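Down below is the structure, laid out as structure tokens.
Nothing in this text is a laboratory measurement; each read-out follows from the coordinates by a stated rule. The structure presented is a predicted model; accordingly, all values stated were derived computationally and were not measured. Every residue, glycine among them, receives a Cβ derived from its backbone with ideal geometry; neighbour counts consider all protein chains shown.
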Amino acid sequence: MRLGFLFGFVVIMWALIILGAFILIRIVAPIQLEAGDIASSALKAAIAVSMVVIWIWILVALKNAYIRRRLTAKN
Amino acid sequence: MSFVPAVIASAIAFLVTYLLTPALIKHLNKRGMVVKDYHKPNDKQVPRPGGPSIIVAIVAAELALFVFTMSNGVLAILLCTVIAFFIGYVDDRKVMPGYFKPLALVAAAIPIILLSAYDFYLDFPFFGSAKIPLLYIVLILFAIPIMGNTVNSIDVLNGVVSGFIAIASVPLIITLLLQNKTDIAIAALPLLLSALAFYKYHKYPSMIFPGDSGTLAWGAMYGAIALVGGVEVVATIALLPAVINSFLFLASVKRIAEHREVKARPTVLLDDHRLMASTERSAPATLVRLVLAHGPMHEDEIARSIFKLAAFSAGMAILTAALIGVSI
């Protein structure tokens, strides 16, 4: 199927958005450190940024694997 | 009560774009404001920008709606769209560096903040809302440039950006109606109808290109509707094919750059005028290159493939909107 990979890519991005919402709302948001609000917020922000980096890494890996398999392998 | 403003705003947006664009095509041709259509034989020249007919239609429709509603939200959407149009128009007339559009579009986000036309909540399916009072203002300042440039980046082939915006605006309107945000749903109608009317002239083979003034106005308006209507997540999902295109490009070139600044082309034009994906390792990954991964296609076939992807994402966005009320 010509568009199979791209349909799959859309579904994976959708799933990552939902999974990200679950992690941030249900797990990260309730975190409260004894060190105070600023420390808690810093930790939450660090987790959120790390998540974005991991999500991007997953998507780049998928994209590279597909391009290697379908395009540059022919070269 | 909202039926009359909806009909008036829709009729103005559609008719003004539909009737004004042919005159604009003539005017641009007469003044020599044309650019090469790179995917056509014989150095075909196409008038650009079509943004002025789009913005006149949107401004007329939104002003009429503002008279009916006196809504801050409608005014914020209107001002954001107009500022984005002027930023795009500068880029249409003068070649600007790659950072100009993302940076300048921050100004288009200001009316939404100054008019307080937003709330602080991000609604997600299954897990409820996230309240982010301070962070939301930062989100607005980032969202308008990102949405504007994302829509701008999908202006890749004849008819694609106008058709794409028409498809992506449908889940936005449905979600706003489901959430009883009728004023903002009506404010989104001119986005859909100006894109539909412009598509008549922009579809393959294009008689006019929207230019950055047209695409940035549509993109910023789309973002403003998402923020003012509080349907950010749904809007992002409907926009995923364009997001993927931007993401692929940025992940390949690893910097903010205009397509013209990248030397290796993602596609190759064949003698029979079909497009083929480049097999060069240094060529940037783009949505079109991935669509072409299975073999060469004609330009209009690629556009139809992108529309199928847009329709799929629009379906996912509507599903997401339906699931927002569901909690687990």
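Some points to look at:
- Peptide B:299-308 - average C-beta neighbours from other chains (10 Å radius): 1
- Across all directions, the shadow cast by the convex hull of chain A built on its C-alpha atoms averages 6.0 square nanometres.
- Across the protein assembly as shown, Cα-Cα pairs farther apart than 38 Å form 18% of the total.
- Spherically averaged projected area of chain B from its Cα convex hull (nm²): 16.5 nm²
- Rounded tilt (10° steps) of A:37-70 against the dominant C-alpha axis of chain A: 10 degrees
- Net charge of neighbours whose Cβ lies under 12 Å from the Cβ of residue B:24, counting Lys and Arg as +1 and Asp and Glu as -1: +4
- The range B:130-171: mean projected area of Cα convex hull, nm²: 3.7 nm²
- 222 nm mean residue ellipticity, helices alone, for the protein assembly as shown (DSSP H n ≥ 4; -39,500 (n - 2.57); rounded to 500): -22500 deg cm²/dmol
- For the range B:159-213: Kirkwood Rh in Å [reciprocal of mean 1/r, alpha carbons]: 11.7 Å
- Signed unit charges on C-beta, dipole axis of the protein assembly as shown, positive-most listed residue B:89, B:142, B:34: B:34
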